[in-house]
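The structure under discussion appears below in the form of structure tokens.
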Amino acid sequence: MTGTMTKRKKISLIGSGMIGGTMAYLCAQKELGDVVLFDVVKNMPQGKALDLSHSSSIADTNVKVTGTNSYEDIKGSDVVIITAGLTKAPGKSDKEWSRDDLLPFNAKIMREVGENIKKYCPNAFVIVITNPLDVMVKVLHEHSGLPKNKVCGMAGVLDSSRFRHFIAEKLNVSPRDVQAMVIGAHGDKMVPLTRYVTVNGIPLQEFIKKGRITQEEIDEIVERTKNAGGEIVNLLGQGSAYFAPAASAIEMAEAYLKDKKRVLVCSCYLEGQYGHKDMFVGVPAVIGGNGVEKVIELELTPEEKELFDKSVEEVRKLQKAIKALGLEHHHHHH
Ligand code: AP0
């Protein structure tokens, strides 16, 4: 660990809004490390940090939580988690909600964050949460100069948690015992993999045979999973989901910090896996002390592959839109 006298890990959260604040709370409760809350809004991260510091007395944990408006304070971070940006495009109603509308606003912010990571903590493991997710991971990766195994996006763990919850609820079993994955791009075309669902190893097919769940119900769950983000946006009236997104990103951070070698769906850099390259998209991967240690390539059926490719097509479209913004990485001449 660099840059500080402490032996504790250092976790910097870029963006101290709903998800940032919740992640800071989880870090303090789990005693994962010292936390730096960064935001462009003056005083707000300092206020959240003070509040969180007080919760440590009650939780009986000892971590330092600080708030800042200066990038210098992320120096030497072991983990950086990015939520900086907008949740809704200005002037758009809830009905028109789309993650893609955030692109021009959030892409600029990713460039700024990437450049500061490069400057202050080039050895960090970076998790991007800002939407539209998969393209934001790519912009961040380009501007940070970090190796591909040290940058990934959080979406698959969240989308899979929604899928797992709905199945568990239907079968009246613990969601802990439901294994299920959602892969592909984080958007309306994400791909919940029904064929790979098990209940503690028991294929979902067994439950269909016994009449515990029907194919129609599974199809409904798949649709509800894909739209769960929008369902929550509409109910909240402002902002978007934050408890489960925060818990998902912290699970990934913990897998890295404790070298847990967890198998988690993350937005990872593809170099030919799944037939795609030079892009980030949601696939199962091993997350351990070396970051994204391995992308796991599944054998998809032609139908599954077609759905996966369609979701990837969305990412490509947005990557083209990024090019049009003129934000791609340029080597600066001094
Ligand atoms: O599964 C995925 C990928 C999810 C799930 C839920 C949310 C992604 N999100 C995205 C969401 O779309 C948004 O882009 O996560 C992002 C943050 O969500 P949150 O609910 O935390 O939003 P917020 O408005 O409460 O917090 C965002 C913070 O970013 C700050 C801003 O002041 C606010 O506090 N911010 C804005 N510009 C910034 C900048 N340039 C900045 N912080 C640092 N630098």
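Things to note:
- Subset of segment 141-164 [free of Cβ contacts under 8 Å to residues at least 60 places away in the same chain and under 19 Å from G184 (Cα atoms)]: R164
- Among the candidates V178, V191, V157, V197, residue that is buried (at least 17 other Cβ atoms within 10 Å of the Cβ), at pLDDT 95 or above, within 14 Å of the ligand (Cβ to nearest atom) and among the β-branched types (V, I, T): V157
- Filter pass, K150 being buried (at least 18 other Cβ atoms within 10 Å of the Cβ), under 29 Å from F125 (Cβ atoms) and away from the ligand (no atom under 16 Å from the Cβ): yes
For every residue, the table says whether it meets (1) at pLDDT below 95; (2) open to solvent by less than 40 Å² (accessible area, probe 1.4 Å); (3) closer than 28 Å to K170 by Cα; (4) among the hydrophobic types (A, V, I, L, M, F, W, C).
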site: N227; (1), (2), (3), (4): no, no, yes, no
site: V233; (1), (2), (3), (4): yes, yes, yes, yes
site: A244; (1), (2), (3), (4): no, no, yes, yes
site: S248; (1), (2), (3), (4): no, yes, yes, no
site: E251; (1), (2), (3), (4): no, no, yes, no
site: L264; (1), (2), (3), (4): no, yes, yes, yes
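- Among the residues listed as K118, K138, the single one being touching a helix residue (DSSP H, G or I) at 6+ places or on another chain (Cβ under 6 Å), in a helix (DSSP H, G or I), more than 11 Å from the ligand (Cβ to nearest atom) and of a type in the set (D, E, K, R): K118
The values are calculated or read from the model by the stated rules, or taken from the named source; none is laboratory data. All values reported here derive from a predicted model rather than from experimental measurement. Using ideal geometry, Cβ is built from the backbone for each residue, glycine included, and neighbour counts are taken over all protein chains shown. Quick note on the areas: whole protein, heavy atoms, side chains included, nothing else; ligands and nucleic acids left out. Shrake-Rupley method; radii C 1.70, N 1.55, O 1.52, S 1.80 Å.
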